[in-house]
Amino acid sequence: MERFFVPSLPKTGTVRIAGAEAHHMLRVKRVRRGDLVVLFDGSGAECKARLEGASKNEAALRIVQKEDVSRELPCLITLACAPAKGERMDVAIRKCAELGLSRFIPTITDLTIASPGPHRIERWRRICIEASKQSGRNLITDIRDPIPLNQVLSIRAEFDIALMPDTSAEALPIREALSSRRDARSAICLIGPEAGFTQNERHQAHSADFRPVRLVPSTLTIEAAAIASVAMLAYALQ
């Protein structure tokens, strides 16, 4: 059954969808009058709804059944990541959202090259809606505005686990680092820019209790490290 996003989902009655989402429903997915679809609004609930009427730019649907359905990970994962250039980050955010990422924080470090502006942040938010539609999630990955590294370090106490992928000799394999933390309910993973963290930033992160971990023996790009980190955390902390 096709899934569509609406900003607000009442318990009963009629829902009207306009704009790009109506176009996607009526012109791309070819939903016809009488067809059932699934609607969700990102708050955790979904409903079955029947298309009752449509015009060129709007669809009217009658709610059939609404229920709270969770397809979320038991551990809330936050990714604080120095953005990659171009569209590479778009792919990473989409895949991390499909995997169940709770929150993404673009993190500005001393060697960060790409600092996303409002248009790119809004694009990432749209990507996360599409990822939830595709994956069946009823929550949407929260894309935050960019903040400097020191602000990310200051929120360490909010999380049960804080990791920093690293290739140094002191980094533990992520499996070993998580072996005694299976009961964690929140985790943050800090990923640096292509040029890496400066020595001062690395010292600050260690002082804030971000634990260096090794994902794989090889050196990964930003987007590969982001996807691998979320996938490994999702697997280890279920």
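The values are calculated or read from the model by the stated rules, or taken from the named source; none is laboratory data. Since the structure is predicted, the reported quantities are computational estimates derived from the model, not experimental observations. Positions of Cβ are generated from backbone atoms using ideal geometry, with glycine treated the same way; all protein chains shown enter the neighbour counts.
Only one of the numbered conditions (1) in a loop (DSSP other than H, G, I, E, B); (2) modelled with pLDDT of 95 or more; (3) of a type in the set (D, E, K, R) is violated by Glu201, and that is (1). For region 174-215, the set of residues classified as crowded, with 17+ Cβ neighbours inside 10 Å, within 19 Å of Ala228 (Cβ to Cβ) and more than 24 Å from the chain's Cα centre (by Cα) is empty. Annotation: Thr14 fulfils all but one of (1) exposed (fewer than 13 other Cβ atoms within 10 Å of the Cβ); (2) among the β-branched types (Val, Ile, Thr); (3) out of contact with any Leu (no Cβ under 9 Å at 6 or more places or on another chain); the unmet one is (3).
Among residues of region 158-179 that are part of a helix (DSSP H, G or I), those with a beta-carbon under 7 Å from a residue that is β-branched (Val, Ile, Thr) at least six positions away or on a different chain give the pairs Ile174/Val213; Ala177/Val213. Restricting attention to region 112-133 and to residues that are touching a residue at least 60 places away in the same chain (Cβ under 8 Å) and either among the polar types (S, T, N, Q) or surrounded by 14 or more Cβ atoms within 10 Å (Cβ to Cβ) (or both), the residue that is farthest from Asn200 (Cα to Cα) turns out to be Lys133. Using the structure shown, decide if Arg182 is of a type in the set (Lys, Arg) and either outside the structural domain of Met89 (by TED's automatic domain parsing) or part of a loop (DSSP other than H, G, I, E, B) (or both). Considered against the rule, which asks whether it is of a type in the set (Lys, Arg) and either outside the structural domain of Met89 (by TED's automatic domain parsing) or part of a loop (DSSP other than H, G, I, E, B) (or both), Arg182 comes out as yes.
Of all residues in region 207-226, those that are within 9 Å of Met164 (Cα to Cα) and not aliphatic (A, V, I, L, M) total 4. Of the strands (runs of 3 or more DSSP E) lying entirely inside region 23-90, those containing at least 2 residues that are over 30 Å from Phe210 (Cβ atoms) and in contact (Cβ under 8 Å) with a residue 12 or more places away in the chain span 36-40, 45-54, 58-68.
Taken as a whole, region 214-226 holds at least one residue that is over 20 Å from Pro83 (Cβ atoms) and assigned to a strand (DSSP E or B). For Asn150, indicate whether it is under 23 Å from the mean Cα position of the chain (by Cα), outside any strand (DSSP E or B) and assigned by TED's automatic domain parsing to the domain that holds Ser102. Against the criterion (under 23 Å from the mean Cα position of the chain (by Cα), outside any strand (DSSP E or B) and assigned by TED's automatic domain parsing to the domain that holds Ser102), Asn150 qualifies.
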